[in-house]
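A.B. asks: Dropping the structure in here first, questions after.
The values are calculated or read from the model by the stated rules, or taken from the named source; none is laboratory data. Treat the numbers as computed from the prediction; the structure is a model and nothing was measured. Ideal geometry is used to build each Cβ from the backbone, glycine not excepted, and the neighbour counts take in all protein chains shown.
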Amino acid sequence: MPGVEIGKRTRRILEDLAERIIPSGGMDYPGARDIGLVDRLLELTGNFPRRLWAVKILAWMWELSPILFLRFKLLTSMTPEQQVEYLESWEKSRLMVRRWSLVGLKAIFMAVFYNEPLVWGKIGFEPGKCYEQVQGGKLNG
(Lines give C-alpha, C1' and ligand atoms only; values in the text may rest on other atoms or scores of the structure.)
Protein backbone atom coordinates (compact mmCIF):
# COMPACT_ATOMS: atom_id res chain seq x y z
CA MET A 1 0.00 0.00 0.00
CA PRO A 2 1.61 3.29 -1.08
CA GLY A 3 2.51 5.80 1.60
CA VAL A 4 1.97 3.44 4.52
CA GLU A 5 5.18 2.16 6.07
CA ILE A 6 4.69 -0.81 8.30
CA GLY A 7 6.99 -3.78 8.68
CA LYS A 8 6.07 -7.37 7.90
CA ARG A 9 6.37 -8.30 11.54
CA THR A 10 4.09 -5.48 12.68
CA ARG A 11 1.57 -6.45 10.00
CA ARG A 12 1.63 -10.05 11.21
CA ILE A 13 0.99 -8.94 14.79
CA LEU A 14 -2.01 -6.86 13.70
CA GLU A 15 -3.33 -9.66 11.47
CA ASP A 16 -3.05 -12.23 14.27
CA LEU A 17 -4.83 -9.94 16.73
CA ALA A 18 -7.57 -9.04 14.24
CA GLU A 19 -8.12 -12.68 13.29
CA ARG A 20 -8.45 -13.77 16.92
CA ILE A 21 -10.93 -10.99 17.69
CA ILE A 22 -12.97 -11.26 14.47
CA PRO A 23 -12.37 -14.78 13.09
CA SER A 24 -12.75 -15.43 9.36
CA GLY A 25 -14.23 -18.39 7.57
CA GLY A 26 -17.77 -18.26 8.92
CA MET A 27 -20.67 -19.27 6.70
CA ASP A 28 -22.74 -16.14 7.22
CA TYR A 29 -20.44 -13.38 8.35
CA PRO A 30 -17.09 -12.15 7.08
CA GLY A 31 -14.11 -11.93 9.40
CA ALA A 32 -11.00 -9.79 9.67
CA ARG A 33 -9.11 -11.59 6.92
CA ASP A 34 -12.18 -11.73 4.65
CA ILE A 35 -12.48 -7.95 4.50
CA GLY A 36 -8.77 -7.10 4.72
CA LEU A 37 -9.25 -5.42 8.08
CA VAL A 38 -5.57 -4.63 8.65
CA ASP A 39 -5.29 -3.01 5.21
CA ARG A 40 -8.39 -0.92 5.94
CA LEU A 41 -6.96 0.10 9.33
CA LEU A 42 -3.73 1.17 7.67
CA GLU A 43 -5.65 3.13 5.01
CA LEU A 44 -7.47 5.03 7.74
CA THR A 45 -4.34 5.75 9.76
CA GLY A 46 -1.75 5.99 6.97
CA ASN A 47 -2.33 9.67 6.24
CA PHE A 48 -1.73 10.60 9.85
CA PRO A 49 1.83 9.78 10.94
CA ARG A 50 1.05 10.03 14.65
CA ARG A 51 -1.89 7.65 14.34
CA LEU A 52 0.16 5.19 12.34
CA TRP A 53 2.91 5.43 14.95
CA ALA A 54 0.30 4.75 17.67
CA VAL A 55 -0.96 1.67 15.79
CA LYS A 56 2.61 0.36 15.56
CA ILE A 57 3.19 0.94 19.28
CA LEU A 58 -0.11 -0.76 20.10
CA ALA A 59 0.81 -3.78 17.97
CA TRP A 60 4.20 -4.18 19.63
CA MET A 61 2.72 -3.69 23.10
CA TRP A 62 0.48 -6.69 22.44
CA GLU A 63 3.34 -8.67 20.90
CA LEU A 64 5.51 -8.22 23.99
CA SER A 65 2.75 -8.36 26.62
CA PRO A 66 2.91 -12.16 27.14
CA ILE A 67 6.52 -11.79 28.29
CA LEU A 68 5.49 -9.17 30.85
CA PHE A 69 2.86 -11.55 32.21
CA LEU A 70 5.25 -14.50 32.46
CA ARG A 71 4.18 -16.45 29.37
CA PHE A 72 7.77 -16.32 28.04
CA LYS A 73 6.60 -16.25 24.42
CA LEU A 74 5.82 -13.53 21.95
CA LEU A 75 2.19 -13.32 20.87
CA THR A 76 2.99 -14.31 17.28
CA SER A 77 4.99 -17.32 18.54
CA MET A 78 1.87 -18.77 20.11
CA THR A 79 -0.52 -21.08 18.28
CA PRO A 80 -3.90 -19.56 17.36
CA GLU A 81 -5.49 -21.48 20.24
CA GLN A 82 -2.91 -20.12 22.69
CA GLN A 83 -3.51 -16.60 21.36
CA VAL A 84 -7.25 -16.95 21.96
CA GLU A 85 -6.60 -18.31 25.45
CA TYR A 86 -4.22 -15.43 26.15
CA LEU A 87 -6.69 -12.76 24.99
CA GLU A 88 -9.45 -14.44 27.01
CA SER A 89 -7.22 -14.24 30.08
CA TRP A 90 -7.11 -10.46 29.58
CA GLU A 91 -10.88 -10.38 29.19
CA LYS A 92 -11.36 -12.27 32.47
CA SER A 93 -8.55 -10.59 34.39
CA ARG A 94 -9.08 -9.11 37.84
CA LEU A 95 -6.95 -6.14 36.75
CA MET A 96 -9.15 -3.49 35.24
CA VAL A 97 -6.32 -2.09 33.12
CA ARG A 98 -5.98 -5.44 31.33
CA ARG A 99 -9.72 -5.63 30.61
CA TRP A 100 -9.79 -2.03 29.39
CA SER A 101 -6.76 -2.60 27.17
CA LEU A 102 -8.54 -5.46 25.45
CA VAL A 103 -11.74 -3.43 25.12
CA GLY A 104 -9.73 -0.64 23.47
CA LEU A 105 -8.12 -3.07 21.03
CA LYS A 106 -11.49 -4.58 20.17
CA ALA A 107 -12.99 -1.11 19.69
CA ILE A 108 -10.34 -0.18 17.15
CA PHE A 109 -10.86 -3.35 15.12
CA MET A 110 -14.67 -3.23 15.41
CA ALA A 111 -14.84 0.40 14.28
CA VAL A 112 -12.99 -0.52 11.09
CA PHE A 113 -14.95 -3.77 10.66
CA TYR A 114 -18.40 -2.19 10.91
CA ASN A 115 -17.36 0.58 8.51
CA GLU A 116 -17.23 -1.95 5.64
CA PRO A 117 -20.13 -2.10 3.13
CA LEU A 118 -19.80 -5.92 2.98
CA VAL A 119 -20.59 -6.05 6.70
CA TRP A 120 -23.47 -3.58 6.37
CA GLY A 121 -25.40 -6.01 4.19
CA LYS A 122 -24.89 -8.85 6.65
CA ILE A 123 -26.20 -6.88 9.63
CA GLY A 124 -29.04 -5.16 7.76
CA PHE A 125 -27.63 -1.64 7.89
CA GLU A 126 -28.78 0.68 5.12
CA PRO A 127 -26.85 3.97 4.92
CA GLY A 128 -29.14 6.99 5.08
CA LYS A 129 -32.31 5.02 5.90
CA CYS A 130 -32.69 6.43 9.41
CA TYR A 131 -32.12 9.98 8.13
CA GLU A 132 -34.78 9.48 5.44
CA GLN A 133 -37.27 8.18 8.01
CA VAL A 134 -36.67 11.15 10.30
CA GLN A 135 -37.09 13.56 7.40
CA GLY A 136 -40.27 11.77 6.32
CA GLY A 137 -41.72 11.90 9.85
CA LYS A 138 -41.81 8.11 10.25
CA LEU A 139 -39.74 8.10 13.46
CA ASN A 140 -41.48 11.01 15.20
CA GLY A 141 -43.94 9.23 17.36
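A.B. asks: Tell me yes or no: at least one residue of region 121-130 is under 20 Å from P30 (Cβ atoms) and of a type in the set (A, V, I, L, M).
C.D. replies: Checked against the condition, which is being under 20 Å from P30 (Cβ atoms) and of a type in the set (A, V, I, L, M), region 121-130 yields at least one hit.
A.B. asks: A further question follows. With the condition kept exactly as written, say whether any residue in region 60-67 is over 15 Å from the mean Cα position of the chain (by Cα), modelled with pLDDT of 95 or more, within 28 Å of G121 (Cβ to Cβ) and not polar (S, T, N, Q).
C.D. replies: no
A.B. asks: Filter region 39-76 down to residues that are touching a Pro at 6+ places or on another chain (Cβ under 9 Å) and assigned to a loop (DSSP other than H, G, I, E, B) and give me whichever is surrounded by the fewest Cβ atoms within 10 Å (Cβ to Cβ).
C.D. replies: Once the filter is applied, the top-ranked residue is F72.
A.B. asks: Please specify each residue of region 89-141 satisfying the condition of being among the acidic types (D, E) and either loosely packed, with under 10 Cβ neighbours inside 10 Å or assigned to a helix (DSSP H, G or I) (or both).
C.D. replies: Answer for region 89-141, where residues must be among the acidic types (D, E) and either loosely packed, with under 10 Cβ neighbours inside 10 Å or assigned to a helix (DSSP H, G or I) (or both): E91, E126, E132.
A.B. asks: Do the conditions hold for L37, that is, is it farther than 20 Å from L87 by Cβ and within 15 Å of the chain's Cα centre (by Cα)?
C.D. replies: no
A.B. asks: Restricting the search to region 12-38, which residues are surrounded by fewer than 16 Cβ atoms within 10 Å (Cβ to Cβ) and in a helix (DSSP H, G or I)?
C.D. replies: Residues satisfying the conditions are R12, R33.
A.B. asks: Follow-up question, since we're still on this one. Report the residue count in region 77-87 for those that are among the aliphatic types (A, V, I, L, M) and either in a helix (DSSP H, G or I) or touching a Leu at 6+ places or on another chain (Cβ under 8 Å) (or both).
C.D. replies: Looking only at that region, the number is 2.
A.B. asks: In region 79-118, how many residues are among the hydrophobic types (A, V, I, L, M, F, W, C), within 24 Å of A54 (Cβ to Cβ) and in contact (Cβ under 8 Å) with a residue 12 or more places away in the chain?
C.D. replies: If we filter region 79-118 for residues that are among the hydrophobic types (A, V, I, L, M, F, W, C), which is where we start, we get 84, 87, 90, 95-97, 100, 102-103, 105, 107-113, 118.
Restricting the remaining residues to those that are within 24 Å of A54 (Cβ to Cβ) gives 87, 90, 95-97, 100, 102-103, 105, 107-113.
If we keep only those that are in contact (Cβ under 8 Å) with a residue 12 or more places away in the chain too, we end up with 87, 90, 102, 105, 108-110, 112-113.
Here the count works out to 9.
A.B. asks: Scan region 10-29 and tell me whether some residue there is over 25 Å from G121 (Cα atoms) and in contact with a Lys or Arg (Cβ under 8 Å, 6 or more places away or on another chain).
C.D. replies: Within region 10-29, one or more residues are over 25 Å from G121 (Cα atoms) and in contact with a Lys or Arg (Cβ under 8 Å, 6 or more places away or on another chain).
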